[in-house]
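The values are calculated or read from the model by the stated rules, or taken from the named source; none is laboratory data. If you're wondering where the values come from, they're calculated on a predicted model, not measured in any experiment. Because the Cβ atoms are built from the backbone with ideal geometry, glycine has one as well, and the counts that use them run over all protein chains shown. The area values use the complete protein model at the heavy-atom level, side chains included, leaving out ligands, DNA and RNA. Shrake-Rupley method; radii C 1.70, N 1.55, O 1.52, S 1.80 Å.
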Amino acid sequence: MNNFDSLIPDWFKSFIEVGNDLIWSQYLIGLLLTAGIFFTISSKFVQLRWLPEMIRAVFEKPETLEDGKKGISPFQAFAISAGSRVGTGNIAGVATAIVLGGPGAVFWMWLIALIGAASAFIESTLAQVYKVPDKEGGFRGGPAYYITKGLNQKWLGIVFAILITVTFAFVFNTVQSNTIAESLKTQYNISPSVTGIILAALTAIIIFGGVRSIAKLSSYIVPVMALIYIGVVLVVLVINYDQIIPMLGTIVKSAFGLEQVTGGAVGAAILQGIKRGLFSNEAGMGSAPNAAATAAVAHPIKQGLIQSLGVFFDTMLVCTSTAIMILLYSGLKFGEDAPQGVAVTQSALNEHLGNAGGIFLTIAITLFAFSSLVGNYYYGQSNIEYLYNNKVVLFIFRCVVVFLVFAGAVVKTETVWSTADVFMGLMAIVNIISIIGLSNVAFAVMKDYQRQRKEGKKPVFRPENLEINLFGIECWGMKKNK
C-alpha cells in the first residue's frame, strides 16, 4: 500500500515537478487574472449585476424536449457541477493554502472567485450554444465541443478532451477515494480495502445508471451537505464571535504583506490562494461547462448565470466556511514543515466542537468527496463520447474508473496531487485561450438575452436573431415548449 509511489517511474516524477514549476508561474496566474478582468469589464460585472437573476434561474423548470421528455433541470445541472466543485479541495485544499500561504491566501481565493465567476459565465454560456444531442435524449457538450465547432480547431478539442478525462475521471477521483478511505480509517479504523470495495461498488451502480442518476444523486447530496457544513461554521462563529473582526483584518493585512505570518510573504499567499481557489471552484478551468451543457434551457445565458453562481457557492460559502474554522484554531502553524491538509481541519474542529468534530468531519469528507467523485466521472464520460462515441469504449472507460476508485482507496502517493496540479493548469491554459477567442459569441448571446428581457419577454434563443452569424450549432433548431 505504501510502496505504490515506488511503482511510478522517476522520469514521470521529474516531469511533474518541472511541469508544476513552469505552469504555475506568474504566466498562468497572469492569464487567469487578465481573462477574468477582461470578461468582468466587458460584461459590465455580470457576476454581481445579475446575482438575483442567477438565483431565480437555478429554480426554473426544465424545458420540454422535442420527443416530449423533460431534460435535466437547471438545478440538477448546477448540482452536478457543484458536486464536482465541492470536494476535498474545500477541506484539505483550503487548509493547505492557509498553512503554506498564510491567512492572506483566503483573500486571493476570494478574488479569483470574484473575477473567475465572469469566466465561468462565459464558458458555460458557450457550452450551451455549442451543445449536441446525446443518445439518451438529452444533451452533452463542453470546451472540446465549442473549441471544435466554434473555433474550428478539432485537434485542440481532442487535446482538451484527453486532459479533462485524465484529470477528473482518473487523477482527481483517485484523490477523492483516498481521502474518504483515510478519514474512515483514522476515525473508525475501517480497512481501506473494505472502503475501496464499497466505494467502487457504489460508483459502478451510479455511473452505469447514466447521467440522470448522477444528477439525481447530486441534487440530494450537495445541498444537504453544504447547508450542514455551513451550519457548523455558524455555530463556531457564535462561539468565537469576538474574534471575527480581528480575523478578517488579519486576512486582508496578510494578503498585502502588512502582517507577516509566514516566510512566503505575499507571493506565497497569492500563489496558494489562486492555485487552491481554482482547484476548488474550477472557474475558467473548463470542467463546469460539461455539466452546464446537459441542462434543457430556453436560452444559453441561463446556464452561464447558474454556473457563475456556482463559483460563489463553492468559494464564498464552503471554502470560506473551512477557512473560518481553521483561522480560529489556536494551534494553527504555518510553513512547509507544519501539518497540512485534512489533519489541520480535523484539529480545528476538535478544538471547536470536541469529539463531535472528528465524527462530523468524517461524514462531511465522505459526502463531499463522493459527490465530487461521481461529478468528476461525468466530465470524463462526456469527453470520452466526444473522442470516440462507442458503447464498448464507454464500458471500458467506466470499468477503469471503478478500478481507480478502488485503487485510490488502498494506495497512497504524494505525486497524485502534483499530477493533478499539472493537468489542471494545462486545462486552464487551453480553455482560457479558447473562450477569449469565442468571447464575441458569448457577448452577442448576452445582448440577445438582455434585449428580450427589456422587452418583457421570456428569453428564447434563436441563433438567426443574433448580431453575428454562427456556425457549428446543432441543437437550437429544436422545437421547445415555451
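Numbers at a glance
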{"item": "Protection proxy ranking of 358-370, 180-192, 464-476 - average other beta-carbon atoms within 10 Å, highest first", "result": "358-370, 180-192, 464-476"}
{"item": "Estimated vicinal HN-Hα couplings, Hz - region 267-274 in sequence order (Karplus 6.51, -1.76, 1.60; Gly, Pro = x)", "result": "x, 5, 5, 5, 4, 5, x, 6"}
{"item": "Listed pairs Lys149/Lys447; Lys149/Lys457; Lys13/Lys275; Lys149/Lys454 exceeding 25 Å between Cα atoms", "result": "Lys149/Lys457; Lys149/Lys454"}
{"item": "Fraction of the pair-distance distribution of region 266-306 above 12 Å, Cα-Cα pairs, percent", "result": "65"}
{"item": "Relative contact order for the chain, counting Cα pairs under 8 Å that sit 6 or more residues apart, in percent", "result": "35"}
{"item": "Over 18 Å [Cα-Cα, region 383-463], rounded percent", "result": "70"}
{"item": "Calculated [θ] (222 nm, deg cm²/dmol) that DSSP helices of n ≥ 4 give over the chain, each run adding -39,500 (n - 2.57)", "result": "-22500 deg cm²/dmol"}
{"item": "Projected label distance in nm at Tyr188 and Phe38, using a 7 Å step from Cα toward the beta-carbon", "result": "4.9"}
{"item": "Accessible solvent surface per residue of the chain, calculated while the other protein chains remain in place, 1.4 angstrom probe, Å²", "result": "39"}
{"item": "In Hz, Karplus ³J(HN,Hα) per residue of region 117-126 (6.51, -1.76, 1.60; θ = phi - 60°; x = Gly, Pro)", "result": "4, 5, 5, 4, 4, 5, 5, 6, 5, 5"}
{"item": "Sulfur and carbon atoms: percent of accessible area, the chain [1.4 Å]", "result": "64"}
{"item": "Share of Cα-Cα pairs in the chain lying beyond 41 Å, as whole percent", "result": "14"}
{"item": "Whole-angstrom gap from region 409-473 to region 335-393, using each part's C-alpha centre", "result": "25"}
{"item": "Cα-centre dipole for the chain with unit charges at Cβ (Lys and Arg positive, Asp and Glu negative), debye to 20", "result": "1680"}
{"item": "Protection-proxy order for peptides 344-354, 389-399, 316-326, 109-119, each taking the mean of Cβ atoms within 10 Å per residue, highest first", "result": "109-119, 316-326, 344-354, 389-399"}
{"item": "Scaled radius of gyration (Cα, divided by 2.2 N^0.38 Å) that region 117-188 gives", "result": "1.50"}
{"item": "Simple spin-label estimate for Leu317 and Phe360 in nanometres, 7 Å along Cα-Cβ", "result": "1.7"}
{"item": "Cα-based radius of gyration of region 82-215 once divided by 2.2 N^0.38 Å, which approximates compact folds", "result": "1.30"}
